[in-house]
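*Asks:* This is the structure I want to talk about, given as C-alpha cells.
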C-alpha cells in the first residue's frame, strides 16, 4: 500500500494488514481525489474518515494538503495501524485525531464543535452502513452546507440521493462503486 499523491507521494507501507480490512486501491483512490480536486481546494480542509480501516483515504488527504483528519474505526487493529502509519510519516499530532469507536456511537457522543468539509465512508461491503449513515440525524452536527460525502460500496449496493444529499457523481470501478454526495442543510 502506498501514497499516490502530495507530500508523501511514493511512500509505501509494509505492515501486515488484517485480511478483514479492505484498503481502497490506488486506482480508485486516484479517481476519488481527481474528482474531489475538481470540486474543492484540499489545502486546509477538515476531513472525517469513517470506517477508516487502514486510514489510507484520510492519510492521502493529509498528504494532499488537508489541514486536519479525524479517523474513526471500531477495530483496535485499525486504529493502531493508522497510528503507526502517521508516526512513520511524521505527521504532526495537531493535524489528526484517531478515535476507536463504532461510527454511530461516535456520531451520537461527539460534542466537538468541528464541522468537516469532506467525509469518507468506507464500511464493509454489503453492510448497508452507508445507507444508515445518510439517514442519521447526527451527520448534520459534524457537517456544513456543501460538505462532500464520499461513500465507497460494492457494485451491488446502490445509494440513493435524498432530501439532504445530492448525488453529484457516481463511478464504478470493477467491484467497487464510488458515490459522491453534497450535503444540503437548507433542505432540513
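Read the figures in this text as sums done on the coordinates, not as results from a lab. Computed from a predicted structure; not experimentally measured. Positions of Cβ are backbone-derived with ideal geometry, glycine not excepted, and every protein chain shown enters the neighbour counts.
*Asks:* Can you pull out every residue in region 90-141 that is buried (at least 16 other Cβ atoms within 10 Å of the Cβ) and closer than 24 Å to residue 64 by Cα?
*Replies:* Correct list: 91, 96, 98, 99, 116, 117, 118, 119, 120, 121, 122, 123.
*Asks:* For residues in region 156-174 being within 13 Å of residue 28 (Cα to Cα) and without any contact (Cβ under 8 Å) to a residue 24 or more places away in the chain, which is surrounded by the most Cβ atoms within 10 Å (Cβ to Cβ)? Lay out the reasoning, then the answer.
*Replies:* Initial filter on region 156-174 (within 13 Å of residue 28 (Cα to Cα)): 170-174.
When the remaining residues are screened for being without any contact (Cβ under 8 Å) to a residue 24 or more places away in the chain, the result is 170, 172, 174.
Working: 170: 14, 172: 9, 174: 9.
Ranking the candidates gives 170 first.
*Asks:* On to the next question. Report yes if residue 65 is in contact with a strand residue (DSSP E or B) (Cβ under 6 Å, 6 or more places away or on another chain) and at positive phi, otherwise no. Steps first, please.
*Replies:* Numbers: in contact with a strand residue (DSSP E or B) (Cβ under 6 Å, 6 or more places away or on another chain): no; at positive phi: yes.
Considered against the rule, which asks whether it is in contact with a strand residue (DSSP E or B) (Cβ under 6 Å, 6 or more places away or on another chain) and at positive phi, residue 65 comes out as no.
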